[in-house]
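Rule-based calculations on the coordinates, nothing more; no lab input. These figures come from a predicted structure and were not determined experimentally. Every residue, glycine among them, receives a Cβ derived from its backbone with ideal geometry; neighbour counts consider all protein chains shown.
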Amino acid sequence: MGLFMRELYTSGINIRILIIFISFFFILSCTPNSDVNKPVELIWDKPGNKTDEIIVFLPGLYDVADIFQKEQFFILARKAGIKADMVAASIHINHLLKEMVVERIEQDIFNPAIKNGYKNIWFVGVSLGALNSLLFYKKYEKDICGVVVLAPYLGDKVLTEEISNMGGIENGKPAVLVENNGRYKDKKIVDRQLQQLWFWFEEQKSKNNLNKIFIGYGNEDRYVEVQSLFSGILPKQNVTMIKGEHEWKTGRKLWQQQLSSRFETGLLKPCK
């Protein structure tokens, strides 16, 4: 799945952030369909019968749509009895850096899906794809049944420590963090979108309105601190944690376990 650089800190300077952004711009030239104004690649899996249910899969940093075929996500869903149409989309880092994630999903997937009669829509995102799924869900929360985020990238250790030092999101503190901490006043595109997302988490938490988000992650994931922080504001039945690292092997196990418990948790349940 999409993997970010390992954490490197020295003399209070977060070197990892610099490495991440250098890496982001380096891979722009080698990412498929780097023109964010062009339609993205879609990989479909349809059982054949007409349905109003669709599951949209978004890949990680270095991956494209067909990774969900290769990693058997479609096969596992079918074995678990899922009848919905499934589609994976090559939404990648360029879309995030150009702030085109929502617009691209709207044009290539969401609007056509609505037009073609799909009413019950779920998103499944892995790593960076989880972040992209949540960015889209933030705008269309009322029109989407739910989101499954596996090994999500929701920020780094610096973000986790800052939120924890402010008392945690459950205490309504991140708004103060976002407004007053200098780190979030810069122009870094990803940080700004993360800022807006955590602002939204706080707002939704205050409304008790996070029950349609399901998270899965490994206990040795490199982003386990921020994943645990986010899990703490979700309903307990929406959280799946297993032994594992930030890799596809763990992702498959998480997906399989979530599928097996979906009748108890409501995951992938039609909502319309």
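First measure r as the distance between the Cβ atoms of residue 206 and residue 260, then evaluate 1/(1 + (r/R0)^6) with R0 = 35 Å and state the FRET efficiency to the nearest 0.05. Each step should come with its number before you reach the end.
On the way: r = 33 Å, r/R0 = 0.93.
Calculated transfer efficiency: 0.60.
Tell me which residues come under 5 Å, amide H to amide H, from residue 214 once H is placed; ignore anything under 5 positions away on its chain.
147, 148, 149
Amide H of residue 57 versus every other amide H placed in the peptide plane: which residues, excluding those fewer than 5 positions away on the same chain, fall under 5 Å?
Here 87, 88, 89, 124 satisfy the definition.
Hey, rough spin-label estimate for residue 269 and residue 52, points 7 angstrom out along Cα→Cβ, what's it come to in nanometres?
1.8 nm
Report ³J(HN,Hα) in whole Hz for each residue of segment 124-136, in order, from the Karplus equation J = 6.51 cos²θ - 1.76 cosθ + 1.60 where θ = phi - 60°; Gly and Pro get x.
Karplus values, whole Hz, x for Gly and Pro: 10, x, 10, 6, 4, x, 5, 4, 4, 4, 5, 4, 6.
Subtracting the Cα-Cα distance from 0.36 nm times the residue separation, let me have the gained length for residue 34 to residue 233 in nm, one decimal.
Numbers: separation 199, 0.36 × 199 = 71.64 nm, distance 3.55 nm.
Extra length from residue 34 to residue 233 when fully extended: 68.1 nm.
Going through the cross-link list 115/212; 188/249; 188/243; 79/119; 188/253, which pairs have a Cα-Cα distance over 26 Å in this structure? Don't skip to the end; give the middle numbers.
Numbers: 115/212 23 Å; 188/249 32 Å; 188/243 33 Å; 79/119 23 Å; 188/253 34 Å.
Too far apart for the 26 Å limit: 188/249; 188/243; 188/253.
Out of the trypsin sites (Lys or Arg not before Pro) in segment 58-93, which ones are loop residues according to DSSP with at most 16 other C-beta atoms within 10 Å? Write out the running numbers ahead of the final one.
Details: sites: 70, 78, 79, 83; in loops: 83.
For trypsin sites (Lys or Arg not before Pro) across segment 58-93 that sit outside H, G, I, E and B with at most 16 neighbouring Cβ atoms in 10 Å, the list reads 83.
HN-Hα J couplings of segment 235-251 from phi, Karplus 6.51/-1.76/1.60, θ = phi - 60°, integer Hz, Gly and Pro as x?
x, 4, 5, 8, 10, 10, 10, 10, 6, x, 10, 7, 8, 5, 4, 5, x
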